[in-house]
Every structure is written in C-alpha cells, then in structure tokens.
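K.L.:
Shown below is the structure under consideration.
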Amino acid sequence: MSADLAAGAVPMVRAERVRKSFGQHVALREVSLTVAPGEVTCLIGPSGSGKTTFLRCINHLERISGGRLEVDGELVGYREHRGRIRELRPRDIARKRREIGMVFQRFNLFPHLTALENIIEAPVRVRAERRSAATQRGRALLARVGLADRADAYPAELSGGQQQRVAIARALAMRPKLMLFDEPTSALDPELVGEVLEIMRQLAAEGMTMLVVTHELGFAREAADTVVFMDAGTVVEVGPPATLLTAPAHERTRAFLSKVL
Amino acid sequence: MTAADASPPERGAAVPPLAPAPAPTPGPAAVATAGTGVGVDVDAVPLRHPGRWAAGVVILVLAAMGVHSLVTNPNFQWGTVGDYLFAEPVLRGMWATVYLTVIAMAIGIVGGIGLAILRMSPNPVVAGAAWLYIWFFRGTPLLVQILFWSFIGALYPRLSLGIPFGPSFVSGDANHIVPLFAAAVLGLGLNEAAYMAEIVRAGINGVDAGQTEAASALGMPRALTLRRIVLPQAMRTIIPPTGNETISMLKTTSLVSVISYNELLNATRLIYARNFQTVPLLIVAALWYLALTSVLTAGQHQLERRFARGILPRVGERR
Ligand SMILES: Nc1ncnc2c1ncn2[C@@H]1O[C@H](COP(=O)(O)OP(=O)(O)OP(=O)(O)O)[C@@H](O)[C@H]1O
Ligand SMILES: [Mg+2]
C-alpha cells in the first residue's frame with residue numbers, strides 16, 4: 001500500500017519533526033512519520049514513550065510545541081495564509097476533528113445515553129443528519145460490531161468488550177477518513193480482547209486508514225502494514241511487521257521486544 | 001432548563017437479559033445486592049439490648065409529655081389555628097411564598113449555571129468577575145442584600161438603559177422599576193445564584209475529563225459538549241444539593257417579610273398584629289412551611305431517580 005505514496009498520493013498523516021513538551025517535560029522530540037491512505041500503522045513502545053501524546057496531537061487534543069503536522073494534506077489546528085501560520089478558531093478545529101475518529105483505552109462512552117444514542121449524538125448534533133437516517137445507520141453500525149440487540153442498553157449494562165465495540169461504532173458514525181486507536185484493548189479482560197481486535201481487523205481489511213497504539217503484537221503482525229517503535233519521545237525504528245518484530249535493527253527495539261514477548 | 005431537553009430514550013423496549021458479564025463500573029448496583037445475611041435457624045438466646053429499650057421509653061415519655069402539653073395548654077389555641085389555617089389571606093401568602101421560591105430558584109439555577117461557566121472561562125477577566133460576584137453575594141448577609149434591593153431607589157433614584165457613559169434610551173424612577181416583588185426576587189435569586197454556582201461548578205468538575213475529550217474527538221463544539229454531555233451527567237451530583245437549596249429557599253423567603261412583601265409569614269404577622277393571636281398564627285405559618293417542604297422533599301426524591309439514568313440499574317432490572 002506504500003505504493004500509493006510512491007505514486008504521489010497525499011499522505012493521510014505526515015509528521016515532520018513534531019515536538020511536544022509539557023512545561024519542562026519533553027514528551028515528543030522530533031517525531032517524523034508518514035501514514036499512507038488505507039494503511040494500518042501500529043505504534044509500539046514502552047510506557048511513557050509518547051505514543052498517546054502523539055495520537056492526541058494528530059486530532060489536536062494536544063497542541064504541538066514545534067515541527068509540522070498534517071492530516072490529509074492540511075495542517076492540524078492551524079492554517080497557512082500568505083506564508084504565515086495562524087491558529088484556527090475552535091469551531092474550525094472541531095470541524096476538522098470530525099474527519100478523525102478516536103477510540104480510547106477507557107472507552108469514554110457517554111453513560112447517560114444508550115448505545116444507539118451514543119452513536120447518533122454527534123451525527124445528529126454536529127453533522128445535522130436527520131434523526132431517522134442517523135438512527136438507521138446507527139443500527140447498521142451496531143449490527144456491524146455485533147451488537148444489534150443491545151441498541152437500548154446503557155454503557156453500564158454492557159461488558160467492557162461490548163462498550164469498546166460501541167465506541168468504535170460511535171467513531172465510525174462520523175464517517176472518518178482516519179481512525180486513531182489508543183490501546184483499545186488494554187482495559188479489557190483477556191477473554192474480551194479478541195472480539196475488539198476482530199472488529200479492527202475487519203476495518204483494516206475494508207481499507208480504513210488506521211493508527212493503532214497497541215501492546216497486542218499478534219495484531220500488529222497480522223494486520224499492520226507498518227510498525228513504528230517509539231522510545232523516550234522519538235521514533236526509533238519503522239518497518240514492516242515481519243522485519244521489525246522479528247529482526248529489529250536497533251538494540252532498543254530488541255530490548256523492548258524481548259521484554260514484551 | 002438545560003438538562004430537560006435531553007431526548008427521552010425509548011423506554012419500555014424489551015431489553016434482553018444481561019449477559020453474565022463483569023460489572024464494568026462498580027456502582028450503586030453492588031450496594032443494592034448486599035443485604036443482611038440473616039436466615040439461618042440457630043437455637044440461641046438472642047442478644048438483649050437493654051440500652052435501646054431504655055432510650056425508647058425515655059423518648060416515648062418525653063413525646064407523650066409534649067403532646068399532652070400541646071393538647072391541654074390553652075395558649076396554643078388550636079381552635080384559632082383551625083380558623084386561620086385556610087383563611088383567605090393566609091392562603092394568598094402561602095401561594096406568594098411558593099411563587100417567590102420558584103422564581104428565586106429559577107434565577108438562582110440559571111444564574112448559577114451561567115456563573116459556573118464564566119468562572120471556568122479561560123479569560124481571566126471573565127473568571128475573575130464571576131469570582132468577585134460569588135465572593136460578594138456569599139460574603140454579605142442575605143437580609144442586608146434584601147434591604148439593599150428595597151432601598152435601591154435611594155441609592156440610584158433614576159435607572160436608565162443606554163450606552164455606558166453615553167446617552168440613555170429609556171430611564172425611569174427606580175422605585176417604579178424595582179417594585180417590592182422585584183426587590184424580593186432579586187434579593188433572594190441573585191444571592192442563590194452565588195451558592196448554586198459553586199454547586200454547579202463542583203458538579204461539572206466531577207464529570208470525568210474523558211467525557212469532554214470523547215466529545216471533542218467527535219468534533220462537538222465546547223458549548224454543545226457542555227449542554228449535551230457534561231451538564232446532564234453533572235446533574236446527578238447537582239440535584240441533591242439543589243433540592244436542599246430549594247427547601248432552604250422556601251423557608252428563607254420569610255426574610256422578605258422585613259420589606260413587607262406579603263408572603264406567608266408577613267400574611268400571618270398582619271393578622272396577629274390586629275387580633276394579637278400571635279402563637280396560633282405562627283403555628284399556622286409553621287404548619288404550611290412544614291407541608292410545603294414535605295412536598296418538595298418528595299419531589300426531590302423523584303428527580304434524583306430520573307437523573308440517575310444509565311448510572312443506576314433501571315427499575316425492574318435489579319436482581
Ligand atoms: N498532560 C500532561 N501533562 C504533563 N505530562 C504529560 C501529560 N501527558 C503526558 N505527559 C508525559 O508525557 C510522557 C509521554 O506520555 P504518553 O502518555 O504519551 O506515553 P505513552 O507512550 O502513551 O505511555 P503508556 O504506554 O503508559 O500509555 C510521559 O512521561 C507523561 O508523563
Ligand atoms: Mg498511552
């Protein structure tokens with residue numbers, strides 16, 4: 001799929017020496033990374049290496065401190081006007097975020113809304129879709145994640161795996177062109193991990209561009225086109241899973257993999 | 001109010017039995033299932049509680065003495081209480097109290113939400129102004145504030161609407177613009193807003209930050225997120241203290257009798273000023289306050305159930 005890039009397609013994500021610091025603490029130092037459309041990229045790395053921070057920068061939940069970050073050819077959170085970079089208004093940032101779906105480690109479903117209401121909330125309120133159309137599509141999405149019969153259940157009435165599947169459906173309801181997953185299975189009981197990964201595999205097979213922070217190396221090996229190893233706020237190594245996961249070039253990658261496996 | 005337009009979910013739809021899944025959030029459900037485990041037949045002499053019996057007897061004796069004095073002391077004049085309980089001026093005062101409570105609380109709640117939002121503004125001037133308001137209205141006695149509002153005419157004899165420091169379009173005599181009712185309602189409502197602001201702020205801060213992030217990630221603007229996601233969840237923690245504030249407000253309205261606004265207490269005071277039946281008329285007022293606060297307490301319970309939606313198990317689903 002990297003062929004798309006070679007053919008001159010606009011990358012879905014292009015990070016160029018992205019820096020991010022929280023006060024004195026530097027979370028990202030010079031992260032450069034490209035994700036081609038339709039590609040599945042898995043981000044791995046030790047705790048505190050900046051994986052979450054990088055994902056959050058991509059949809060501007062965090063403001064980058066330096067460098068350049070583009071999604072689908074457009075700057076994130078800023079616009080360029082006559083050679084100067086200007087900050088976007090909150091309204092425009094919100095509009096850009098609609099094109100990027102995000103799935104959280106802790107699901108973050110809205111507990112006062114049912115599964116179906118969670119899914120149709122944003123399409124109805126911010127994309128002004130008709131309620132009937134959104135509901136129909138919401139039910140279809142629930143069916144797709146295997147939860148057609150739980151449309152009226154509140155999040156507290158669902159298992160962790162079911163909640164995460166609803167969260168994926170909720171993100172898909174906005175018809176994103178890029179999906180970000182931050183350790184989507186880390187908060188799940190082991191027997192529930194498979195059902196969520198299965199949905200993600202399907203999504204990948206359908207050609208969704210995905211950036212996945214995960215500790216599930218099995219998933220990375222099967223589903224990823226590219227695996228990125230991060231450590232201490234930098235990208236240490238990038239490569240296809242077959243190479244990076246079995247014969248890493250860097251000592252730090254090797255050390256991390258030997259600990260995880 | 002804001003949370004009222006939260007679309008009602010389709011209730012009554014058959015919900016399949018819950019899968020035996022691990023409870024994802026330890027909630028009140030866990031508490032509900034924990035019961036007393038008595039039920040084993042053991043042939044043993046039950047523990048005696050002589051202390052409980054003694055306390056019970058003492059209280060019963062005291063209560064009997066109290067009732068006896070209530071019934072036999074002629075100074076209570078229960079006949080007079082009965083005569084005035086449903087008297088026309090008393091009923092009018094009672095409704096005025098209800099009306100005052102509703103409007104003052106409406107101002108308090110709307111103002112409180114507004115102040116809480118301003119208080120959390122990224123603009124330090126805006127946040128500072130909200131802080132100043134809360135500081136002032138919580139830091140001075142309500143009675144003083146009510147008196148101030150009733151004498152606003154002395155402070156600013158003419159009120160006008162226009163461009164600041166510029167020409168004015170409308171202006172009038174303050175005593176006409178701020179009549180007694182407005183003074184009463186402003187005094188109570190603006191003060192309440194300061195207290196409600198802190199309650200609302202605590203409620204909003206209590207909502208998990210992940211909720212705002214999830215809404216932001218979906219592209220929901222700040223105001224919509226607040227209205228549709230954060231406030232409805234904050235309601236759960238806001239409502240119990242708001243219920244207490246309402247009950248407290250109902251009784252606090254009696255303060256405006258000092259500016260002769262004719263609510264329940266003032267209505268009874270006017271009567272005993274003429275016939276000198278002070279004690280029975282104060283009893284009339286007390287009985288009405290008791291009745292009204294009892295109604296409010298019942299209503300508060302209903303509201304709390306309503307906003308526990310999605311957090312407590314639904315009725316009929318407890319096992
Ligand atoms: N809001 C914040 N304020 C201050 N420091 C932060 C903040 N968010 C993250 N950090 C710091 O930035 C660094 C990178 O954090 P990040 O959460 O991106 O790591 P991660 O790779 O996702 O780790 P994990 O695998 O534990 O989720 C950490 O040292 C963290 O303490
Ligand atoms: Mg993380």
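K.L.:
Of all residues in segment A:5-58 being within 12 Å of ligand 2 (Cβ to nearest atom) and part of a helix (DSSP H, G or I), which is surrounded by the most Cβ atoms within 10 Å (Cβ to Cβ)?
P.N.:
Among those residues, the one meeting the criterion is A:Phe54.
K.L.:
Quick check on segment A:209-220. Is at least one of its residues within 16 Å of ligand 1 (Cβ to nearest atom), under 14 Å from the mean Cα position of the chain (by Cα) and within 14 Å of another protein chain (Cβ to nearest Cβ)?
P.N.:
Checked segment A:209-220: at least one residue is within 16 Å of ligand 1 (Cβ to nearest atom), under 14 Å from the mean Cα position of the chain (by Cα) and within 14 Å of another protein chain (Cβ to nearest Cβ).
K.L.:
Closer than 16 Å to B:Met94 by Cα, of a type in the set (Val, Ile, Thr), out of contact with any strand residue (DSSP E or B) (no Cβ under 8 Å at 6 or more places or on another chain) and exposed (fewer than 15 other Cβ atoms within 10 Å of the Cβ), is that true of B:Val284?
P.N.:
no
K.L.:
Right, another one. Mind listing whichever residues of segment A:97-117 are within 11 Å of B:Ala214 (Cα to Cα), more than 16 Å from ligand 2 (Cβ to nearest atom) and more than 8 Å from every other protein chain (Cβ to nearest Cβ)?
P.N.:
Once the filter is applied, which keeps residues that are within 11 Å of B:Ala214 (Cα to Cα), more than 16 Å from ligand 2 (Cβ to nearest atom) and more than 8 Å from every other protein chain (Cβ to nearest Cβ), segment A:97-117 yields nothing.
K.L.:
Only one of these conditions is not met by A:Val228: (1) in a helix (DSSP H, G or I); (2) surrounded by 14 or more Cβ atoms within 10 Å (Cβ to Cβ). Which number is it?
P.N.:
It is condition (1) that A:Val228 fails.
K.L.:
Would you confirm, using the coordinates I've provided, whether A:Arg137 is within 28 Å of A:Gly218 (Cα to Cα) and more than 16 Å from ligand 2 (Cβ to nearest atom)?
P.N.:
no
K.L.:
Does segment A:12-25 contain at least one residue that is modelled with pLDDT under 90, closer than 20 Å to A:Met179 by Cβ and either in contact with a His (Cβ under 6 Å, 6 or more places away or on another chain) or charged (D, E, K, R) (or both)? Before you say what the answer is, go through the steps one by one.
P.N.:
If we filter segment A:12-25 for residues that are modelled with pLDDT under 90, which is where we start, we get none.
No, there is no match, as no residue in segment A:12-25 is modelled with pLDDT under 90, closer than 20 Å to A:Met179 by Cβ and either in contact with a His (Cβ under 6 Å, 6 or more places away or on another chain) or charged (D, E, K, R) (or both).
K.L.:
Before we move on, is A:Pro184 in contact with a Pro (Cβ under 6 Å, 6 or more places away or on another chain) and in contact (Cβ under 8 Å) with a residue 12 or more places away in the chain?
P.N.:
Working: in contact with a Pro (Cβ under 6 Å, 6 or more places away or on another chain): no; in contact (Cβ under 8 Å) with a residue 12 or more places away in the chain: yes.
The answer is no for A:Pro184.
K.L.:
Also: Return the only residue of B:Asn275, B:Asn205, B:Asn262 being surrounded by fewer than 22 Cβ atoms within 10 Å (Cβ to Cβ) and under 17 Å from B:Ile117 (Cβ atoms).
P.N.:
After ruling out the rest, the residue left standing is B:Asn205.
K.L.:
What number goes with the only condition from (1) away from ligand 2 (no atom under 16 Å from the Cβ); (2) away from chain B (no Cβ under 12 Å); (3) surrounded by 15 or more Cβ atoms within 10 Å (Cβ to Cβ) that A:Val166 does not pass?
P.N.:
Of the numbered conditions (1) away from ligand 2 (no atom under 16 Å from the Cβ); (2) away from chain B (no Cβ under 12 Å); (3) surrounded by 15 or more Cβ atoms within 10 Å (Cβ to Cβ), the odd one out for A:Val166 is (2).
K.L.:
If you don't mind, another one. State whether one or more residues within segment A:64-81 are within 16 Å of ligand 2 (Cβ to nearest atom) and in contact with a helix residue (DSSP H, G or I) (Cβ under 6 Å, 6 or more places away or on another chain). Explain how you work it out, then say what you get.
P.N.:
We begin by selecting, within segment A:64-81, every residue within 16 Å of ligand 2 (Cβ to nearest atom); these are none.
Among the residues of segment A:64-81, not one is within 16 Å of ligand 2 (Cβ to nearest atom) and in contact with a helix residue (DSSP H, G or I) (Cβ under 6 Å, 6 or more places away or on another chain), which makes the answer no.
K.L.:
May I pose another question? Output the residues belonging to segment A:177-200 that are more than 16 Å from ligand 1 (Cβ to nearest atom) and of a type in the set (Asp, Glu).
P.N.:
A:Asp189, A:Glu191, A:Glu195, A:Glu198
K.L.:
Please identify the pairs in which a residue from segment B:223-240 that is part of a helix (DSSP H, G or I) has its Cβ atom under 7 Å from the Cβ atom of a residue that is of a type in the set (Asp, Glu), counting only partners at least 6 apart or on another chain.
P.N.:
Partner pairs satisfying both residue conditions: B:Arg228/A:Glu121; B:Ile239/B:Glu304; B:Pro240/B:Glu304.
K.L.:
If I filter segment B:65-73 for residues that are touching a residue at least 40 places away in the same chain (Cβ under 8 Å) and in a helix (DSSP H, G or I), do I get at least one hit?
P.N.:
Looking for residues that are touching a residue at least 40 places away in the same chain (Cβ under 8 Å) and in a helix (DSSP H, G or I), one finds none in segment B:65-73, hence no.
K.L.:
Can you name every residue in segment A:170-203 that is outside any loop (DSSP other than H, G, I, E, B), out of contact with any Gly (no Cβ under 6 Å at 6 or more places or on another chain) and charged (D, E, K, R)?
P.N.:
A:Arg170, A:Asp182, A:Glu191, A:Glu198, A:Arg201
K.L.:
Then there is this: For the list (1) within 16 Å of ligand 2 (Cβ to nearest atom); (2) modelled with pLDDT of 95 or more, I need the number of the one condition that A:Ala173 fails.
P.N.:
Exception for A:Ala173: condition (1).
K.L.:
Okay, next question. Is it the case, given these coordinates, that A:Leu197 is under 20 Å from A:Lys51 (Cβ atoms) and either without any contact (Cβ under 8 Å) to a residue 40 or more places away in the chain or within 16 Å of ligand 2 (Cβ to nearest atom) (or both)?
P.N.:
It is true that A:Leu197 is under 20 Å from A:Lys51 (Cβ atoms) and either without any contact (Cβ under 8 Å) to a residue 40 or more places away in the chain or within 16 Å of ligand 2 (Cβ to nearest atom) (or both).
K.L.:
Report yes if A:Ser159 is away from chain B (no Cβ under 11 Å) and of a type in the set (S, T, N, Q), otherwise no.
P.N.:
Values: away from chain B (no Cβ under 11 Å): no; of a type in the set (S, T, N, Q): yes.
No: the conditions fail for A:Ser159.
K.L.:
Picking from A:Arg63, A:Arg82, A:Arg89, which residue would you name as being within 16 Å of ligand 1 (Cβ to nearest atom), more than 30 Å from A:Ala255 (Cα to Cα) and surrounded by fewer than 16 Cβ atoms within 10 Å (Cβ to Cβ)?
P.N.:
Of A:Arg63, A:Arg82, A:Arg89, the one residue that is within 16 Å of ligand 1 (Cβ to nearest atom), more than 30 Å from A:Ala255 (Cα to Cα) and surrounded by fewer than 16 Cβ atoms within 10 Å (Cβ to Cβ) is A:Arg63.
K.L.:
Against the conditions (1) farther than 20 Å from A:Asp231 by Cα; (2) among the β-branched types (Val, Ile, Thr); (3) at pLDDT 95 or above, where does A:Val76 fall short? Just the number, please.
P.N.:
Condition not satisfied by A:Val76: (3).
K.L.:
Looking at segment B:74-83, can you tell me whether even one residue there is within 30 Å of B:Trp288 (Cβ to Cβ), out of contact with any strand residue (DSSP E or B) (no Cβ under 9 Å at 6 or more places or on another chain) and either within 14 Å of chain A (Cβ to nearest Cβ) or at pLDDT 90 or above (or both)?
P.N.:
Checked against the condition, which is being within 30 Å of B:Trp288 (Cβ to Cβ), out of contact with any strand residue (DSSP E or B) (no Cβ under 9 Å at 6 or more places or on another chain) and either within 14 Å of chain A (Cβ to nearest Cβ) or at pLDDT 90 or above (or both), segment B:74-83 yields no hits at all.
K.L.:
Out of all the residues in segment A:221-253, which are under 19 Å from the mean Cα position of the chain (by Cα), within 16 Å of ligand 2 (Cβ to nearest atom) and small (Gly, Ala, Ser)?
P.N.:
Residue satisfying the conditions is A:Gly233 alone.
K.L.:
May I pose another question? When you check A:Ala148 against the structure, is it more than 9 Å from chain B (Cβ to nearest Cβ), surrounded by 21 or more Cβ atoms within 10 Å (Cβ to Cβ) and over 21 Å from the mean Cα position of the chain (by Cα), yes or no?
P.N.:
no
The values are calculated or read from the model by the stated rules, or taken from the named source; none is laboratory data. All figures in this text were calculated on a predicted structure; none of them were measured in a lab. In this analysis, Cβ positions are derived from the backbone assuming ideal geometry, glycine residues included, and neighbour counts consider all displayed protein chains.
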